[in-house]
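To start, the structure itself, in structure tokens.
The values are calculated or read from the model by the stated rules, or taken from the named source; none is laboratory data. What you see is a predicted model; the values in this text were computed from it and never measured. Cβ: placed from backbone, ideal geometry, glycine included. Neighbour counts: every protein chain shown. We work out accessible area using only protein heavy atoms, side chains counted, and drop any ligands, DNA or RNA first. Shrake-Rupley method; radii C 1.70, N 1.55, O 1.52, S 1.80 Å.
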Amino acid sequence: MQAFESSLHFAKQKDTKDPLRNFRERFINNQGQIYMDGNSLGLCSKDAKEALYHVIEMWEKHGIDIWSIEDSKYFLYQKVLGEKLAKLIHANNDEVTVMTNTTINIHQGISTFYRPTKERYKILVDDLNFPTDRYAVDSQVKLKGYTVEEAVKVISSQDGRFISEDLIIEGMTDDVALVLLPSVLYRSAQLLDMKRITEEAHKRGIIIGWDLCHSIGVVPHDFQDINPDFAVWCNYKYLSAGPGAIAGFYINKKHFEKEPGLAGWHGNKKETQFKLLNKFDHELSAHGWQTGTQPLFSMAPLEGVLNIFNEAGIKNIRLKSLDITAYLMYLADERLTNYGYAIGNPREDEKRGGHVCLEHEEAYRICQALKDHQVIPDYRESNVIRLAPVALYISYEEVYRLVEILEDIVKNKEYEKYSNKRTLVV
Ligand SMILES: *Cc1c(COP(=O)(O)O)cnc(C)c1O
């Protein structure tokens, strides 16, 4: 355990010693807020903005030729981005591509692998994953003629916070065809042992897909070692690629020969794509799972920001993230527990992602008060304040100030000024 101190001076010292401190200048925070919501929508960076403007200029200047300039860079843009993303998860370059959104990529993964038989027809999920993953799974079993009750096997959390890995493994019975799980739970930040769970699935002949939405860009993964069948993620959270940015898709090379569940002309081999034949001949790489024309403007910011991430190095990002979240927990223990706050995430480094889950029965009103203090938190029903001190742009001093504000809001009962009525996007 790191030795922290509770003074402001200590926070400032940590900042001077932070090897990633200079990356903060690459991100834009015009309003001077303490932006703790990077796990929902990461801040814009200068690099992302420049990359986007560049693509707009190329379109303006070259028209249709945008597809062939710079050695067809933009025609093959998913390859360019896939290679940069592969470094974050230690996958082979051709196992990673970018396309559509996370939800559609789940559909793509499941429709590729889910071939139910009389004996094996269930999809195993947990009950704490983000709802869109469940909606996608439910609709996939229905497409095959099952009811959700018949074919979706749900492993329930015992305490509403965490999922037991043992129960997941116990649930891998002979009737399970496929498992879909989150790497990190979006509310409690629990990081699952992906290697162990993947191995157990494979021992039983079960296909496994991972949703990396809450770990990509903050937790390094070693996919050469974990060896999952497929994975999906969004790029707008920790990776800061912009609202609605193109999502990520990984497929293990051992499956390249499999036919994509959802096929389209951009998944065809590049050499024959413009022969426009009626027979689909898919490229034998993750890019074979592409469907239609890639949205360049949803991709360019990702190129810009991935340059920052690869310069910083995902392992260094994880080191700071673990340290700064531990610091936040330390200050919360020191100053906030007397005011009804509790830590709702796992404490062990190997079991937690990049955010701190702070619980309080007045969480909703506290979050509103935080905004008036220029702190951007992330509220999740019913009592969770999610706080993500993103390694590349949050300072230890900001974490110090944040805790001071959290303390004041409850100590001075400031939250009582606010309504509990929810808005459309909480
Ligand atoms: C954020 C998130 C999504 C988002 O899905 P989109 O289709 O990209 O909007 C999906 N699953 C999980 C677990 C998430 O955290």
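Some notes on this structure:
- Selected from P389, P182, P19 as most flexible by GNM, with the chain as the system and alpha-carbon contacts under 10 Å: P19
- With all protein chains in place and ligands, DNA and RNA left out, the 1.4 Å accessible area ranks H62, H282 as H62, H282, largest first.
- Violating pairs (Cα-Cα greater than 28 angstrom) within the set K49/K73; K84/K320; K79/K203: K79/K203
- Percent carbon-and-sulfur accessible area, region 273-426, ignoring ligands, DNA and RNA, probe 1.4 Å: 49
- For Y74, the solvent-accessible surface computed with a 1.4 Å probe is close to 0 Å², ligands and nucleic acids excluded.
- Two-site label geometry, E60 and L284: point separation in nm, points 7 Å out along Cα→Cβ: 4.4
- Rounded to 5, percent antiparallel among DSSP beta bridges of the chain: 55
- Area of V219 that stays accessible when all protein chains are in place (1.4 Å probe, Å², to 10): 10
- Build a GNM of the chain with springs between Cα atoms under 10 Å apart, and of Q31, Q273, Q224 the one that fluctuates most is Q31.
- Between K254, K203, K279, the GNM of the chain built on Cα springs shorter than 10 angstrom shows K279 fluctuating the most.
- Looking at region 49-311, the accessible area is 42 square angstrom per residue; that uses a 1.4 Å probe and ignores ligands, DNA and RNA.
- Global form of the chain, assessed from the alpha-carbon gyration tensor, a/c cut-off 1.5: oblate
- Carbon plus sulfur fraction of accessible area for region 130-242, probe 1.4 Å, in percent: 48
- Exposure rule at most 16 other beta-carbon atoms within 10 Å, DSSP loop GluC sites (Glu not before Pro): the chain longest free segment: 120-256
- Of the complete DSSP H runs in the chain, those spanning 27 angstrom or more by Cα along the long axis with a mean Kyte-Doolittle score not below -1.0 are 314-335.
- Mean Cα-pair separation over length for region 49-311, i.e. relative contact order, pairs under 8 Å, 6 or more apart, %: 24
- FRET E, pair L319, N227, Förster distance 22 Å, beta-carbon r, rounded to 0.05: 0.30
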